[in-house]
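Have a look at the structure below before the remarks.
The values are calculated or read from the model by the stated rules, or taken from the named source; none is laboratory data. Computed from a predicted model, the values in this text were never measured in an experiment. Don't worry about glycine lacking a Cβ; one is built from the backbone with ideal geometry, like all the others, and counts go over all protein chains shown. Ligands, DNA and RNA are excluded from the accessible area calculation, which covers all protein heavy atoms including side chains. Shrake-Rupley method; radii C 1.70, N 1.55, O 1.52, S 1.80 Å.
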Amino acid sequence: MIAIAAVVGYLVGCIPFANLIARRHGVGDLRDVGDRNPGYWNARARIGIREAVPILLLDAAKGAAATAIGLMLGGVWGGVAAWTAVIIGHMFPVTQRFRGGRSVLCLVGGALVLVPLACIPAAIALLVIRWRWDFARGAQAALIVEPFAVWIIYGAGVELFATVALLCLIGLRAFTADRALRRAGIDKG
């Protein structure tokens, strides 16, 4: 059942909501414009905040749906497998020739299902920092707070391991994507 959860998670992760919605607003492939990331932030810069809100919600829903299905199929391990797979599916979707996004919203959606109580302090950190500075710094603060909240609330089990491992995977993906942009002379901003 864990393998089935992983396959379902990967396939859900492959759904390119950002590109589908951006195309409806006259933008071609997001992998060819802006920061080349087919996700919420690049779409937001191309089509506007209000038009990009469905992308934010749908990409987070991908993570939540896949993780919930994984939990139903295989308990915590099934949830972790599906959560991991939906993130990998978003990063390397077979439907988009393995050129996907960074998966932060899929991470958030899965966390809301697998470690919901830990999302509360992370959300508070996001709101406080966003109020003082900006959303990007608030999101960074939330991603820093989340594993500590998981550790305190859920202990040093599979949930903590999955949270830290997936944060590292997303960080590595973002690092390599940003490095490729710099080498190509593309300004991320």
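Note the listed values (1) 0.99; (2) 0.97; (3) 0.94, then indicate which one is Rg/Rh (Cα atoms, Kirkwood Rh) calculated from this particular structure.
From the options (1) 0.99; (2) 0.97; (3) 0.94, the structure gives (2).
Cα gyration tensor of the range 1-53, axes a ≥ b ≥ c as square roots of the eigenvalues: rounded (a/c below 1.5), prolate (a/b > b/c) or oblate?
Because a/c hits 1.5 or more and a/b exceeds b/c, the range 1-53 counts as prolate.
Over 21 Å apart: what share of the alpha carbon pairs of the range 55-129 falls there, rounded to a whole percent?
It works out to 27 percent of all Cα pairs.
Where the only charges are on Cβ atoms (+1 Lys, Arg; -1 Asp, Glu), what is the dipole of the range 35-189 about its Cα centre, to the nearest 20 debye?
Magnitude of the dipole: close to 600 debye.
Could you give the accessible area per residue of the chain, probe 1.4 Å, as a whole number in Å²?
Result: 52 Å² per residue.
Sort 163-171, 85-93 for me by packing, meaning the mean count of neighbouring Cβ atoms within 10 Å per residue, highest on top.
85-93, 163-171
Ignoring any ligand, DNA or RNA, what whole percent of the accessible area of the chain comes from carbon and sulfur when the probe is 1.4 angstrom?
Solvent-exposed carbon and sulfur of the chain make up 70 percent of the total.
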